[in-house]
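Note sheet for the following structure.
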Amino acid sequence: MRGVWRSRVLAAGVLTSATVLGVSGAQNPPQPVAATTVRLHGLVEPVNSFAVAVPRLAAGQPGASNQLVVIRLASSGQVVKKGDLLVEFDRHAQLKNARDRESEYRDFLEQIRKRKAEQRVAKARRDTELLQAQNAVRVAELDMLGADLLPAIQAEKNEQALEEARAHLSALLKTQTLKDNVDAADVRTLELQRDRALNAWRNAQANAQRMQVLAPIDGLVVLKSIWKNGTMAVVQEGEEVRAGIPILDVVDTSAMRVRALVNQADVERLTVGQAARVTLDSYPTRTFGARLEHLSPVATTSMMNTRVRSFLARFTIDGNDAHLLPDLAAAIDLVAPDTRKAASR
């Protein structure tokens, strides 16, 4: 009997252990999230650059043409220092315009001096006439002092002379103020014309200075292609170019980055600061370390399909290299956790 009981206890223990093992086996331990390689494609671009465009001149002035002739131009790939000449346009028309505007300005200065001198002479003449009228009033007033001793006719003549002298003095006082205002307005008109001529002269000088563009930073010259004669080509010396057209960039090659578009299906696996590896299509044997610097929070819509959306990403390349040039195609590889597999588990 005791043997039977012991067998039943052992069997129950084995059953309990099996049950526990079965329960614990049903709960799978956490598995590591699988990592996948995300490949993006983009273009190399500089972190710092300076775009040079054909200058826009002040409109409505002589010499302000919409077409400018290139007489000197830095070559593509040329290394320049800050202050070096990048491009120079023909400025003969602007210099002539500046000289003409300067002549107009100085002519107005002479007109103002002459007009003020004439006004001073006219005012001195009016002041003398006013003083004479005041003296005539005083003389007439003195003649009226002995009116009782004079014949009636003479006294009446003296009274009439006094009235005429006072009327003449009053008219001179009124016209004196009006003429002073007219002279001030006349000079002010010439001064406004002088100021306009001065502004035109300064604008013409500024236009002439815009004919030379100097490099604001150290860097590499990259000529831009423009549409001319039915094809895309870079600007050449001696050609006419239209105002506002970009013709070259000065690129700081000490810091480069890659701009790429990330598909909406992969954007959740990217985080700012994530490490990456950049390979240039032109130099497939060269690889560069990089880091995700910026990931746009707003998606852009594809021109081919409005349902496809992409996010802009910028990767900063570590260090610098002579092969890192703008507009080179590059591939970006980064290892990212597969969040879709992790979510399915």
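What the table below lists for this structure:
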| read-out | value |
| --- | --- |
| Whichever residue in region 82-113 is of a type in the set (A, V, I, L, M, F, W, C) and in a strand (DSSP E or B) and, among such residues, is nearest to V69 (Cα to Cα) | F89 |
| Region 268-283: number of residues that are at pLDDT below 90 and out of contact with any strand residue (DSSP E or B) (no Cβ under 6 Å at 6 or more places or on another chain) | 1 |
| Search result, residues across region 200-234 that are in a helix (DSSP H, G or I) and among the basic types (K, R) | R202 |
| Condition met for R307 (on the phi < 0 side of the Ramachandran plot, among the basic types (K, R) and at pLDDT below 90) | yes |
| Qualifying residue in region 163-180 (condition: more than 30 Å from A122 (Cα to Cα), touching a helix residue (DSSP H, G or I) at 6+ places or on another chain (Cβ under 6 Å), touching a residue at least 24 places away in the same chain (Cβ under 8 Å) and assigned by TED's automatic domain parsing to the domain that holds L109) | no |
| Which listed residue is buried (at least 17 other Cβ atoms within 10 Å of the Cβ), of a type in the set (A, V, I, L, M) and under 17 Å from L73 (Cβ atoms), from V241, V262 | V241 |
| Which numbered condition R309 misses (of (1) farther than 30 Å from G219 by Cα; (2) within 33 Å of the chain's Cα centre (by Cα); (3) surrounded by fewer than 16 Cβ atoms within 10 Å (Cβ to Cβ)) | (3) |
| Count of region 135-150 residues which are more than 11 Å from A165 (Cβ to Cβ) and small (G, A, S) | 2 |
| Residues satisfying the stated conditions in region 140-161, i.e. surrounded by fewer than 13 Cβ atoms within 10 Å (Cβ to Cβ) and part of a helix (DSSP H, G or I) | L142, D148, L149, A152, I153, E156, Q160 |
| Among (1) of a type in the set (A, V, I, L, M); (2) in a loop (DSSP other than H, G, I, E, B); (3) surrounded by 17 or more Cβ atoms within 10 Å (Cβ to Cβ) - the single one M304 does not satisfy | (3) |
| Strands (runs of 3 or more DSSP E) completely within region 235-296 that count 1 or more residues being closer than 30 Å to L68 by Cα, in contact (Cβ under 8 Å) with a residue 12 or more places away in the chain and among the aliphatic types (A, V, I, L, M) | 240-242, 246-251 |
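The values are calculated or read from the model by the stated rules, or taken from the named source; none is laboratory data. Predicted model only: the values in this text are computed from it and were never measured. Note: ideal-geometry Cβ built from the backbone for every residue, glycine included; neighbour counts use all protein chains shown.
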